[in-house]
Amino acid sequence: MTIKKLALLGYTHDTNLGDQVIADSAEYLIKRHDSNIKVERFDLNYSNEFNTFKKLKRKSINKLLSKISPNLSFKYKVGCYKRDYRNKLDDNSAVMFAGGGMIKFKYQDCWAHISALIDTAEKSECPVFFNAVGVEGVDENDFKCQLMKQSLNRDVVKMITTRDDLSLLQSGYIENKDIETAQVADSAVFCSEVYGIRRKKVREVVGVGLVRPSIFKDNGISLCKDEVVNIYAAILKELEQRGATYQLFTNGLKGDAIILSDLEKVMGKRLNLVEPKTPKELVALISSFQATIAARLHACIISYSLKVPFVGLVWNNKLKMFGDCIGYSERMFESHQFEAKLIVERLLSAASEGYEPVRYDAYRQTIDSSINKMVSMV
């Protein structure tokens, strides 16, 4: 029997362990539907191992071009990635973007990777699939956005599913009517099965996921560092007043731990923080919680997979949309709702309610079915 090779693209080694959980879950679902597919991971963060120019030389050229014209530097960046990816996809039967926040252009180089990889796949006549990707804005006047949009509409792109904004994907990006689109669950809703980890009911501990304070301002929310620290402190004090035990944790990002020292000053004591090193460690940690308060999307999604109730602290619309998709929008708190008593009360309600089983199963089925369809097209 012929072994088919699929390149799985994404931030598959990112220190934000949520991205690694996405990749592991996508690969699990691919192989679940076709064991004859050989998955080869391709980490966009490590694309410079394929550079034909020295990294510093590229930076200096890019800097020079940006002074002449930003658009020239953008084209140069895409061209560099094309040279990196040349001949890397020739023996693949398909290319799949694993998921996560991919269709975006305001930060990171996703737009450039997407443009370069689709152009490369087109030359190799290799079909391209986007699996449960996040769609984070569109701008008709942004050159990077429009470069990405042009590539997304190439005939080599066969199917794009999104975990969040299907309307924006269809109205803002996709003009090629032959490209199939759908809204599905994030692959990580299957992480419980991926790692063979079930929810543990051993101790009643609330997991409190930390996030870097600047993330709110970076996303247009007017909360300064002290305000974010005080919100977390108020939540911890509210939990203490109710006799609840809590455990601070991160998704692995070092930047999310910088809030700890300021939080300790406000609380007037040392606090214990767990920083998982592997995706399996993160999933195992969350499985030990009675419930979770988190600002990182994948702390919420992992909790959901494990049937651990959660409430989310919203800094980006993707958290709010996840709450809407699973039918628990009231468990997502936007910045104007950041009141410790209300957050903890909602958490305790969620802990007693759990998840409605029929909707839970139906939502997870969306990603299982869509990956099955993609695999059948390889």
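Every read-out reported here was derived from the displayed coordinates using simple, explicitly stated rules and does not represent laboratory data. All values derive from a computational prediction rather than experimental measurement. Heads up, the Cβs are rebuilt from the backbone with ideal geometry, glycines too, and the neighbour counts pull from every protein chain shown.
A few points about this structure:
- Among 357-370, 96-109, the order from most to least packed when residues are scored by Cβ within 10 Å on average: 96-109, 357-370
- FRET efficiency, K265 to R198 (Cβ-Cβ, R0 41 Å, nearest 0.05): 0.60
- The loop-placed trypsin sites (Lys or Arg not before Pro) in segment 147-240, going by DSSP, that have at most 12 neighbouring Cβ atoms within 10 Å of their Cβ come out as K177, R198, K201, R203.
- Pair L168, I221: separation of 7 Å Cα→Cβ label points (nm): 1.5 nm
- Three-way shape label, segment 297-378, alpha-carbon gyration tensor, a/c 1.5: prolate
- The largest-to-smallest principal axis extents of the Cα set in segment 199-341 are 35, 34, 31 Å.
- By definition, a body whose alpha carbon gyration tensor gives a ≥ b ≥ c is oblate when a/c is 1.5 or more and a/b is not larger than b/c, and segment 189-261 fits this oblate description.
- Label-to-label distance, nm, for residues given as S35 and Q365 (7 Å Cα→Cβ offset): 2.5 nm
- Surrounding net charge for R154, when Lys and Arg each add one and Asp and Glu each subtract one, Cβ distance under 13 Å: -3
- Nearest-ten-degree value, helix 55-68 long axis tilted from longest Cα axis of the chain: 80 degrees
- Computed extension length for I68-E345: 94.1 nm, one decimal, from 0.36 nm per residue of separation with the Cα-Cα distance subtracted.
- Signed unit charges on C-beta, dipole axis of segment 150-232, positive-most listed residue L210, Y173, V228: L210
- Highest mean first, the peptides 243-249, 297-303 sorted by other C-beta atoms within 10 Å per residue fall in the order 297-303, 243-249.
- Only the Cβ atoms of Lys and Arg (+1) and of Asp and Glu (-1) were treated as charged; on that basis the dipole of the chain about its Cα centre amounts to roughly 1140 debye.
- Each Lys and Arg adds +1 at its Cβ and each Asp and Glu adds -1 at its Cβ; summed about the Cα centre, segment 136-285 shows a dipole of about 900 debye.
- The Cα center of segment 243-314 and the Cα center of segment 152-191 differ in position by 30 Å.
- On Cα atoms only, tilt of 357-376 relative to the major axis of the chain in degrees: 20 degrees
- Shape call, segment 68-158: gyration tensor on alpha carbons, a/c limit 1.5: oblate
- With a cut-off of 11 Å between beta carbons, the residues surrounding E275 carry a summed charge of 0, where Lys and Arg count +1 and Asp and Glu -1.
- Counted by Cβ distance under 14 Å from K5, the other residues give a net charge of 0, where Lys and Arg count +1 and Asp and Glu count -1.
- Taking the average, over residues, of other Cβ atoms within 10 Å as the packing measure, peptides 38-44, 181-187 rank 181-187, 38-44 from highest down.
- Length gained on full extension, Q150 to R86: 21.1 nm, using 0.36 nm per residue less the C-alpha separation.
- About the Cα centre, charge dipole magnitude for segment 251-330 (Lys/Arg +1, Asp/Glu -1 at Cβ), debye: 140 debye
- Stretch gain in nm, segment E334-K277, where the contour uses 0.36 nm per residue and the Cα spacing is subtracted: 17.6 nm
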